[in-house]
């Protein structure tokens, strides 16, 4: 009978340890949205995104048809990203030396289980062109 309980204990511990091996833990990833308010006179803030991609060409956000997403303010861009699970970490600002407009860089974070979740819900123009 002692042997039965010993085997049962070993099996229980084995199952508990194996479930820990397969459970993934979330980790934090970051991106930044860069807003150029030089075109604010046109009622639009030009938004680019850096999520650690290799190629920063055509890093502006587009819809399913490849049309550039337009945001009236940095807050509207942040609200868009917030709906995708991103949280604001910090902000910084500088002046565009050529056009005189404000450049805002907002660092965002999100907890994910895999890197595939980083771009979930949005696409850049480069991503759109590569997926066609």
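No value in this document is a laboratory result; all are computed from the given coordinates. Since this is a predicted model, take the numbers as computed values, not measurements. Cβ coordinates were reconstructed from backbone atoms using ideal geometry, including for glycine residues, and neighbour counts include every protein chain displayed.
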Discussion item. I'm checking my understanding of the structure. Among residues of the stretch 43-92 that are in contact (Cβ under 8 Å) with a residue 60 or more places away in the chain and in a strand (DSSP E or B), which one is nearest to residue 111 (Cα to Cα)?
Written reply: 49
Response to the item:
Residue set 76, 109, 104; condition in contact with a strand residue (DSSP E or B) (Cβ under 6 Å, 6 or more places away or on another chain) and over 30 Å from residue 24 (Cα atoms); output residue 104
